[in-house]
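Novice: Following this message is one structure expressed as structure tokens.
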Amino acid sequence: MKIEKPKGTRDFYPQDMAWQNYITDAWRRVSIRHGFEEVDGPIFEKLDLYKVKSGDGIVSELFSFRRENGTTDFALRPEFTPTLARMVADKANSLPKPVKWFTIPNLCRAERPQRGRLREFLQWNVDLLGLEGELADAETILVAVDFLRELGVTPEHVRVKISHRDVVRNILIKLGVAEENILDAFNLLDRRDKMEVEDFEKAAMKLGLDEHRVQRFQEACRSRYRTGSLGSLCKAIGMPEEDVKELQELDDKLHALGIAEWCEYDLGIVRGLAYYTGVVYEIHESSGAERALAGGGRYDNLINLFGGPKMPAVGFGMGDVVLSNLLRDKGLIPENVAPRPDVYVIAVSDAGSEKVLPLIADLRAKGLHARFSYKTTKNMGRLLKEAVGSKAKFACILDDAEATAQVKNLDTQEQVEVGIDEIAKYLHENL
């Protein structure tokens, strides 16, 4: 009986797994370079953990379960932030501050699969807790930008779109949105690019805005300005510069860190989730064809919500699915990301065949990635073709010679004779 994989999941064959490792290795390398430490938690949590953060409405988006005859509801993790909040709250008093953590968890969401969104995916989370001020916001943005730079992405490929929920709230209140409708307005802004203009306008009018103010609402939420132009932004939205003081301080930090050219201000970015408290940002492909590549912001009240002390916090998540789409579309995926064998051992005689296994064992024991042919042929041309096909850096050719072998550099075609006992040393010196 043939059983297909679950909808919205992926099988990782060797080349797929090599690409996945290429991404995760870069995520890990960049995180550590910026002083973040790796953590992880359980792949499932008590269902209540997610309801505390997102409310009962989150349940329909989760793969939840209860053990037979059990009384506790669990769910596969759809995100890592609630686990992080629980972990920090549990040991908040003993953790050195600031807390700089990253993780690369496998996540599951019971959503309809579509381009850029699967039911199972990897996500890179970077969080900085216990540090007041805009430097923390800027540093998390820097980590994301540094990773993209490492993979060949440029400011022409993507934009870091930055906003501030307090600034947007003040604009909405001035336009006539009642305080009790602010979260609904945030959710509307968060969905604006997925809605028809007419539907957006109708929804805005339900928030208490007349036709003129709906137009101003549209203009405000689509205001986009490059870094260094906050004065122009204030004039456009009719706010004093004092009201965007925190954005100005962030702007200064972005310039100091040398990443201002990657960033712009987009007041339509609000991150619909209620737990965000200040600066929010998303990274988008420049044409806007893809969904957000990454998203995050400040969440200063979340640790307290899980029983810990009030603690400033900021972080972002980046999924592997949209990232892979972006890199593929921009031609930034390397031809071969699988690890290359250091050496491929072949035997072209019966005497050489007897030396293959002892040599392979010796090379591997000395830390070399060594492969060999399982074929019985002594046709050197075929065996060398197999070695080249494996992407090996060197071929080691064993023949009737008792104490030596031919070692061939498959990139330069240079070939030298090396003593059997010296092959490992020679490879280490020439790799």
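Novice: At Lys202 and Ile173, where each label point lies 7 Å from the Cα along Cα→Cβ, what is the point-to-point distance in nanometres?
Specialist: With each label point 7 Å from Cα toward Cβ, the separation is 3.1 nm.
Novice: Give, as a single signed number, the net charge of other residues whose beta carbon lies under 13 Å from the beta carbon of Thr377, with Lys and Arg counted +1 and Asp and Glu -1.
Specialist: +2
Novice: Around Gly308, what is the net charge, scoring Lys/Arg as +1 and Asp/Glu as -1 over all other residues with Cβ under 11 Å from its Cβ?
Specialist: +2
Novice: In deg cm²/dmol, rounded to 500, what helix-only [θ] at 222 nm does the chain give when every DSSP H run of at least 4 residues adds -39500 (n - 2.57) and the total is split over its residues?
Specialist: So the helix-based figure for the chain works out to -11500 deg cm²/dmol.
Novice: Indicate the gyration tensor shape class of the range 343-430 (rounded, prolate or oblate), computed on the Cα atoms with a ≥ b ≥ c the square roots of the eigenvalues: a/c under 1.5 is rounded; otherwise a/b larger than b/c is prolate and the rest oblate.
Specialist: rounded
Novice: I need the calculated FRET efficiency for the pair Lys378 and Asp11, taking r as the beta carbon distance and R₀ as 41 Å, to the nearest 0.05.
Specialist: Here the calculated transfer efficiency is 0.65.
Novice: Give me the number: length gained by fully extending Val388 to Arg67, i.e. 0.36 nm times residue separation minus the C-alpha to C-alpha distance, one decimal in nm.
Specialist: Gain on extension, Val388 to Arg67, equals 110.4 nm.
Novice: Explain nothing, just the number: dipole magnitude of the chain about its Cα centre with +1 on each Lys and Arg Cβ and -1 on each Asp and Glu Cβ, in debye rounded to the nearest 20.
Specialist: Once rounded to the nearest 20, the dipole reads 900 debye.
Novice: What residue among Trp101, Ile32, Leu305 has its Cα farthest toward the positive end of the dipole of the chain, where the charges are +1 on Lys, Arg and -1 on Asp, Glu, each on the Cβ?
Specialist: Looking along the dipole axis, the top candidate is Leu305.
Novice: Among Ala365, Ala338, Ala405, which residue has its Cα furthest toward the positive end of the charge dipole of the range 334-431, with +1 on Lys/Arg Cβ and -1 on Asp/Glu Cβ?
Specialist: Final value for the positive-end residue is Ala338.
Novice: Take each of the peptides 318-324, 372-378, average the number of other beta-carbon atoms within 10 Å over its residues, and list them starting from the highest.
Specialist: 318-324, 372-378
Novice: Shape verdict for the range 179-336, please, from the Cα gyration tensor: rounded (a/c under 1.5), prolate (a/b greater than b/c) or oblate.
Specialist: Because its axes are fairly even, with a/c under 1.5, the range 179-336 counts as rounded.
Novice: Sum up the charges of everything whose Cβ sits under 12 Å from the Cβ of Glu45, counting Lys and Arg as +1 and Asp and Glu as -1, but leave Glu45 out.
Specialist: With Lys, Arg at +1 and Asp, Glu at -1, the net is +2.
Novice: Strictly over 25 Å apart at the Cα level, which of Lys245/Lys330; Lys235/Lys330; Lys53/Lys245; Lys46/Lys310; Lys100/Lys161 would you flag in this model?
Specialist: In this structure, Lys245/Lys330; Lys235/Lys330; Lys53/Lys245 exceed 25 Å between Cα atoms.
Novice: Indicate the gyration tensor shape class of the range 10-102 (rounded, prolate or oblate), computed on the Cα atoms with a ≥ b ≥ c the square roots of the eigenvalues: a/c under 1.5 is rounded; otherwise a/b larger than b/c is prolate and the rest oblate.
Specialist: Oblate, because a/c is 1.5 or more while a/b does not exceed b/c.
Novice: How long are the semi-axes of the equivalent ellipsoid of the chain, taking √(5λ) for every eigenvalue λ of the Cα gyration tensor, in whole Å from largest down?
Specialist: Here the semi-axes work out to 53, 25, 21 Å.
Novice: If the elastic network links every pair of Cα atoms under 10 Å, which of Gln123, Gln406, Gln218 fluctuates the most in the Gaussian network model of the chain?
Specialist: Gln406
Novice: Continuing with the same structure: Using a Förster distance of 60 angstrom, determine the FRET efficiency expected from the C-beta separation of Ala256 and Glu4, and round it to 0.05.
Specialist: The computed FRET efficiency comes out at 0.70.
Novice: Antiparallel DSSP bridges in the range 14-329: what percent, to the nearest 5?
Specialist: 90 percent
Where a number appears in this text, it was derived from the coordinates with a stated rule and is not lab data. Because the structure is a prediction, the values reported are computed rather than measured. FYI the Cβ positions are ideal-geometry reconstructions off the backbone, even for glycines, and counts take in every protein chain you see.
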